[in-house]
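The values are calculated or read from the model by the stated rules, or taken from the named source; none is laboratory data. Just so we're clear, the structure is a prediction, and the values are computed from it rather than from any experiment. A quick note on method: Cβ atoms are made from the backbone with ideal geometry, for glycine too, and the neighbour counts reach across all protein chains shown. These area figures cover heavy atoms from the full protein model, side chains too; ligands, DNA and RNA do not enter into them. Shrake-Rupley method; radii C 1.70, N 1.55, O 1.52, S 1.80 Å.
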Amino acid sequence: KEVRVLHLLKKHRGSRRPASWRNPKITDSKEKAISDLKELISILKESKDDPKELRATFEELARTESDCSSAKRGGDLGFFGRKKMQPAFEKASFALKVGELSNIVETSSGAHVILRLA
């Protein structure tokens, strides 16, 4: 079984690789990364009753705000099965219903919000 998700990543200075296409040297604290992500989640929640709008808003925010290289694809990680992602990320992705937005998921990469597409 596979899932397909969009995600938005906020890295911090404790991340496995504290650099991204947005910032060659990330110095934000973990708390700052989480608070930035919470602000983005509150924007996303305004669209939660309209799946098309939620996806469009998520892709738009990911393109400008995500510290993952998937930002250029609107946060799309494509399809993946089990054992392909970090355990907390995988668990959260598979637990979501299609069209559902996650809470904050923390991994060694940083703090994520996930939207399951399939």
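Worth pointing out:
- Unique match (being under 14 Å from LYS11 (Cβ atoms) and either modelled with pLDDT of 95 or more or among the hydrophobic types (A, V, I, L, M, F, W, C) (or both)) among THR57, THR107, THR64: THR107
- Selection of the stretch 82-101 for residues being closer than 24 Å to ASP49 by Cα, small (Gly, Ala, Ser) and surrounded by fewer than 18 Cβ atoms within 10 Å (Cβ to Cβ) yields ALA95, GLY99.
- On inspection, ARG22 fails the criterion of being among the basic types (Lys, Arg) and either under 9 Å from GLY110 (Cβ atoms) or buried (at least 16 other Cβ atoms within 10 Å of the Cβ) (or both).
- Index of the failed condition, PHE79 passing every other in (1) open to solvent by 70 Å² or more (accessible area, probe 1.4 Å); (2) without any contact (Cβ under 8 Å) to a residue 60 or more places away in the chain; (3) of a type in the set (A, V, I, L, M, F, W, C): (2)
- Residues of the stretch 8-30 that are out of contact with any helix residue (DSSP H, G or I) (no Cβ under 6 Å at 6 or more places or on another chain), touching a residue at least 12 places away in the same chain (Cβ under 8 Å) and of a type outside the set (A, V, I, L, M, F, W, C): LYS11, ARG13, SER15, ARG16, ARG17, SER20, ARG22, ASN23, THR27, ASP28, SER29, LYS30.
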